[in-house]
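The values are calculated or read from the model by the stated rules, or taken from the named source; none is laboratory data. As the structure is a prediction and not an experimental result, all values here were calculated from the model. Every residue, glycine among them, receives a Cβ derived from its backbone with ideal geometry; neighbour counts consider all protein chains shown. These accessible areas exclude ligands, DNA and RNA; they are computed on the full protein's heavy atoms, side chains included. Shrake-Rupley method; radii C 1.70, N 1.55, O 1.52, S 1.80 Å.
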Amino acid sequence: MKFIFGVVLLAAVGIALMPQRPVTPAQPAARATAPQPVQVVVVKGKRMTDVEKRAALNAEPRPETNGS
């Protein structure tokens, strides 16, 4: 237990004595241009009935039949 305490204490003193790095900003300065408006996509459509769903599924070629 004393050994672990000594290692932690030695590491803490070593880190404290290390030279400080100069502080640099994490991000570059903000641009002076105006922000662009966010584009919004609106999807409009009606729901398919069960009959329409079955017809659409039957019209598509099935991959397991290799199109034949």
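Below, the figures for the structure above:
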quantity	calculated
Share of carbon and sulfur in the accessible heavy-atom surface of segment 1-56 [1.4 Å probe, %]	67
Accessible area of segment 1-56 divided out per residue, in Å², using a probe of 1.4 angstrom	115
Simple Cβ-charge dipole of segment 1-56, Lys/Arg +1 and Asp/Glu -1, about Cα centre, in debye nearest 20	260
